[in-house]
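One structure below.
Since every read-out is calculated from the coordinates, none of them should be taken as a lab result. Here the structure is a predicted model, which is why all the values come from computation and not from measurement. Cβ atoms come from the backbone with ideal geometry, glycine included; neighbour counts cover every protein chain shown.
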Amino acid sequence: MADTVLSAATKAAQLLPQVHEPRNPGMELDLDLVRALQANTSAIERRAATLPGRRSVKKEYQAAWLLRAITMIDLTTLAGDDTPGRVRRLCAKAANPVRADLLDALKMPPVTTGAVCVYHDMVETAVEALQGTGIPVAAVSTGFPAGLSPFHLRVAEIEESVKAGAKEIDIVISRRHVLTGDWQALYDEMRTFRAACGEAHVKAILATGELGTLRNVARASWVCMMGGADFIKTSTGKEGVNATLPVSLVMTRAIRAYHELTGHRIGYKPAGGISKAKDALVYLSLMKDELGDRWLRPDLFRFGASSLLGDIERQLEHFVTGRYSAGYRHAIG
Amino acid sequence: MNVRDIFETMDYGPAPEDASEAMAWIERHGGVFGHFIGGDWTKPASTFASKNPATGKLLAKISQARPRDVDAAVKAARAAQPAWARDAKARACALYALARMVQKHSRLFATLETLDNGKPIRESRDIDIPLVARHFYYHAGMAQLMDDELPDRQALGVAGQIVPWNFPLLMLAWKVAPALAMGNTVVLKPAEYTSLTALLFADLAREAGLPKGVLNIVTGDGNVGALITEHEGIDKIAFTGSTEVGRIIRRATAGSGKSLTLELGGKSPYIVFDDADQDSAIEGLVDAIWFNQGQVCCAGSRLLIQEGIAEDFTRRLKARMDKLRVGDPLDKCIDVGAVVDPVQLQTIEGLVKGSGGEVYHAACEMPKGGSFYPPTLITGLSTADPLMQEEIFGPVLVSTTFRTPAEAVELANNTRYGLAATLWTENVNLALDIAPKLAAGVVWVNATNLFDAAAGFGGVRESGFGREGGWEGLLAYTKPKATARKLPARSAPPSETTPADDAIDRTAKLYIGGKQTRPDGGYSRAVLSPKGKVVGHVGLANRKDLRNAAEAMNAAASWSKTTGHLRAQILYYMAENLSARTVEFAARIDAMTGRRGGKAEVDASIDRLFTWAAWADKFDGRAKGVPIRGVALAMNEPVGKIAAFAPDDAPLLGLVSLVGPAMAMGNRITVMASEPHPLSATDFYQVLDTSDVPGGVVNILTGPHAELAPQAAGHMDIDAVWSFSTADLSAMIERESATNLKRTWVNHGRAHDWSDAAAHTFLAAATEVKTIWIPYGE
């Protein structure tokens, strides 16, 4: 049984596009640029409100898009009661996110999620469980979610997780640097975290729900990209407000402008609150329209989500059978 | 494409809206429609084809109305009107039923609209149809409140309404809802390309129980519009469409006594300051000029970018354009649909081909067949280029740059039009400084193409006159309850004259720019009492004097920017100075009129000036309750430069009744004094001189009204003409006003009751409502 799981997942990993985007080296902190950034909240909200109505993906297109969405999910468990058993189960789900009969009906080879995302203590377990699948383990770090533990411990936490085998590190920024406009401090922090990550890719969690304004979101996005972030990510999932479309517009626009300026593509990860297949499609069309098709691959886009997969599975079964599905028909993660 | 391929390409794929219900409705009517008159369908006759512009396929056959059809429609509307006007509460119920009807059948309306017009289904579904429902809801409320809130107003009667093809059902709603709410009945003609949703509306309205004859729809081309315009049984014409046709309608209705509102073309500026959120401003442009294929009268079609950011902005804009999806309008994943008709497509193609600028077509995939045109940006045009001035009415944006806020305003206002304007800046000081300076009926700050039933919409200059929506919109469908008596004809001048008593000659000059000037023509005439006694002499103004007065009004432009408080003080001062000369003014009136009412008239005039001094700082605007987080400010702005013909029946009171409201609201005015009794006006020069009235704010000419009226009405730099003249000028003024589509207010030979200040009527005439939309939020 375990062998089949692994071989299917290995095949899936080979199917993933093997693109090698040069990593973002960052750039000097450009305070003039940062301070000149604007984000008109009401205009951004209006645009965001019309997004779901502007794009519609139907039938086989929808099925394909949802499968693509699965490959970009960071399947996540970040709970105090996580145990090795729980994490192993999640990893198995990450390697086999869709029922084999559905994939057959869709004439699709196996797919996997983009990564599994856990706390540091679960990294080893996850790495072991995912061996041979090609699925990377992401670790939330730096005193997640508040980021208020001693700085040297936050840096050490990154190093420990990398040592434990995490290929991706989701760091949290110090919100106070944003709220007080101390962009230099934020930049230095990002630089230090990036250096501590070594080869592991770093996702900067802005905790946008705590930054007060969209202008701050834009500025924090830029400073983190300048500081060498590989991804910028909305939220920990623990703030009162997590990923939203307005925030996503601001962050994707920042990514687009950073790419225009530096030639480097930064990834985007909305996290928290995306639980419906329909929402996932809106996010994908947002990426496609604002940034381009290149951002519809797991090296440049991830969903931070735990319950999204279940809804996508039900939608896929609906597409295959023409009948609405039930949650219990799909294996839980 | 199979799932596995799409998984790699991540293309959008087709997402068509199901059109079968809409087609089934057409089918139920046998694919051919008559007119909807008196609650029933007429037998189809002289039909023409209505096509789907995206495919060129026939949708239905529509009847071309003949004179007898229009007669029948007007007759049905006339018959239904008294009963309809009687019960406002019943009208509220009926309008509520129409609002609910639109909501209940929203998808059917949206699909049919897209089939017929070619606009993307997203727009008809998410914008047009919800706004239609909103308009009926809002005006159901206006019917409910009419008795309480508008006790002095009544319905005009039968309204003839002619709507365009760009927002077929929405424009029907904008016209029909206020008309019906105020107790009018309607004869409406949809545009020939796009009649179907109006016919569906009528069909469903019948089901919803709208009384017979209240709403009549006649279909056909411009000839039917002309039949409506010229029909004697119609009391009001409301037209939305091109400036060219608007002009024709203005001339055709001149002198008929029909009330008229025109919502015409535009070349609306879209100003981006260097501190704007550029990405949002670019999305705004998508909603401004690529909304409804740019076939929007208020489309932000003239992009003005601050020079320092122009290059960057244009580059980003082009990248955004490339992402637009052009195609089957029924596809739910399409941004830009089909242009309404091949004829319109040819017009757009021709205009762009003739352009001297650098043309950029969006690199988007274009559908084969159908009337499609790619989103287009033209840069590097000078202000003199025809494309910077002419309305293209297609998905074509032209752009240029500016250096300073003042230059932005100058460029923005360098147009014959004045419908809408958009400005983007994060600086609240800049936004609130610029918005009032833009010559436009609607200004959007950091947004564009926002509409709501509560917010007035309409233009200035050659974009037309009248407002649709809000309380101000109701003025277009009501009139005062008081009925005016016929103005008595002027009595013939006495045949024998006796010379004046004065030992020293006193010949009044003209009053232009705060100075007394001799008439250009060098002619003067005697002013006689009814008994033939010479009571003075006045100069005879000609067209050059009028020209000079218009220039003097221009030079006094800063009056419009003064505070109401200052204007009030000056008006009080005028009253004070007039009061000091009561005896002299009373004697003059008595001498000219041969009656004894001079003293009473002077007292009334002083009182009138007090009234207008009182109003100067009290005609507040409104903050409209529009359904966004933000405010829509309705600001009462001065009309500008007014030419007014004073009445004979109150030589002094008539004069101050015109000058007072004009001045109070910040206008500049040139009054043609009463012809038989001009001396109260010429005596008034000294009141003006001694009351700190800046030169050029009030100019007074004496001379023949019939000669000056066409000059005033035809003058391109005068914004409004009012006539209370006893001379029969109304038709001529209305006809000549078509040159620049200035607002006119003429008496049609009816007397005005000068004992009443008629404050609200004058306030409305002396102001334009500008709606400034200011969404906010951080």
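See the values below:
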read-out	value
Fraction of alpha-carbon pairs over 26 Å apart in chain A - percent	44 percent
Exposure proxy ranking, count of Cβ atoms within 10 Å, fewest first, for B:LYS189, A:LYS288, A:LYS59, B:LYS61	A:LYS59, B:LYS61, A:LYS288, B:LYS189
Whether the stretch B:630-737 is rounded, prolate or oblate, judged on the alpha carbon gyration tensor where a/c under 1.5 counts as rounded	oblate
Separation of alpha-carbon centers, the stretch B:1-68 and the stretch B:586-628, rounded to whole Å	57 Å
FRET efficiency, B:ASP502 to B:ALA557 (Cβ-Cβ, R0 35 Å, nearest 0.05)	0.35
Separation of alpha-carbon centers, the stretch B:251-304 and the stretch B:168-197, rounded to whole Å	21 Å
Estimated translational D of the stretch B:193-282 in µm²/s (Stokes, Kirkwood radius over Cα pairs; 10 °C; 1.306 mPa s)	97 µm²/s
FRET E, pair B:ALA489, B:GLU410, Förster distance 35 Å, beta-carbon r, rounded to 0.05	0.10
Gain upon complete extension [B:ARG403, B:LYS89; 0.36 nm per residue less C-alpha separation]	107.5 nm
Max mean-square fluctuation residue, GNM over chain A, Cα-Cα springs under 10 Å, options A:GLY80, A:GLY267, A:GLY134	A:GLY80
13 Å cut-off, amide nitrogen to a point 7 angstrom out along A:ARG323 Cα→Cβ, residues in the stretch A:99-116	none
Shape parameters for the protein assembly as shown, alpha-carbon atoms, Rg then Dmax in Å	35.1, 128
Alpha-carbon spread of the stretch B:553-626, three principal axes, descending order, Å	56, 32, 19
Local electrostatic count at A:VAL34 - Lys and Arg +1, Asp and Glu -1, tallied over other residues with Cβ under 13 Å	-1
³J(HN,Hα), Karplus 6.51/-1.76/1.60, whole Hz, each residue of the stretch B:133-144, x for Gly, Pro	4, 4, 5, 6, 4, 4, 7, 4, x, 5, 5, 4
Anchor A:LYS163: lysines whose Cα lies under 22 Å away (excluding residues fewer than 8 positions away in-chain)	A:LYS203
Amide N of the stretch A:152-191 lying under 20 Å from the label point, which is placed 7 angstrom from the Cα of A:THR262 along Cα→Cβ	A:168-175, A:177-178, A:182-191
Share, in percent, of DSSP beta bridges within the protein assembly as shown that are antiparallel, nearest 5	30 percent
Protection proxy ranking, peptides B:520-532, A:245-257, average beta carbon neighbours within 10 Å, highest first	A:245-257, B:520-532
Calculated SAXS-style log₁₀ I(q)/I(0) at q = 0.08, 0.11 Å⁻¹ - chain B, Debye, Cα scatterers	-0.69, -1.20
For chain A, built as a Gaussian network whose Cα springs stay under 10 Å, the top-fluctuating residue of A:ARG314, A:ARG54, A:ARG294	A:ARG54
Share, in percent, of DSSP beta bridges within chain B that are antiparallel, nearest 5	40 percent
Candidates A:LEU33, A:LEU186, A:LEU66: whichever shows maximal mean-square fluctuation once chain A is modelled as a Gaussian network with Cα springs under 10 Å	A:LEU33
For the stretch B:524-576, convex hull volume per residue from C-alpha positions, Å³	123 Å³
Net charge of neighbours whose Cβ lies under 10 Å from the Cβ of B:GLY594, counting Lys and Arg as +1 and Asp and Glu as -1	+3
Computed [θ] at 222 nm, helices only, for chain B once each DSSP H run of length n ≥ 4 contributes -39500 (n - 2.57)	-12000 deg cm²/dmol
Sorted by Cβ density within 10 Å, fewest first, the residues A:ARG191, A:ARG154, A:ARG329	A:ARG329, A:ARG191, A:ARG154
Set of lysines near A:LYS288 by C-alpha distance (under 20 Å), chain-local residues within fewer than 8 positions excluded	A:LYS58, A:LYS59, A:LYS233, A:LYS269, A:LYS276, A:LYS278, B:LYS318, B:LYS323, B:LYS332
Anchor B:LYS368: aspartates and glutamates whose Cα lies under 12 Å away (excluding residues fewer than 8 positions away in-chain)	B:ASP328
Segment B:ASP603-B:ARG100, length gained on full extension (0.36 nm per residue, minus Cα span)	175.6 nm
Over chain A: helical MRE at 222 nm, DSSP H runs n ≥ 4 each giving -39500 (n - 2.57), nearest 500	-15000 deg cm²/dmol
Spin-label pair B:ALA226/A:ASP32, simplified geometry with 7 Å Cα→Cβ offset, distance in nm	6.4 nm
Helix B:168-181 vs. chain B, principal-axis angle (Cα, 0 to 90°, nearest 10)	40 degrees
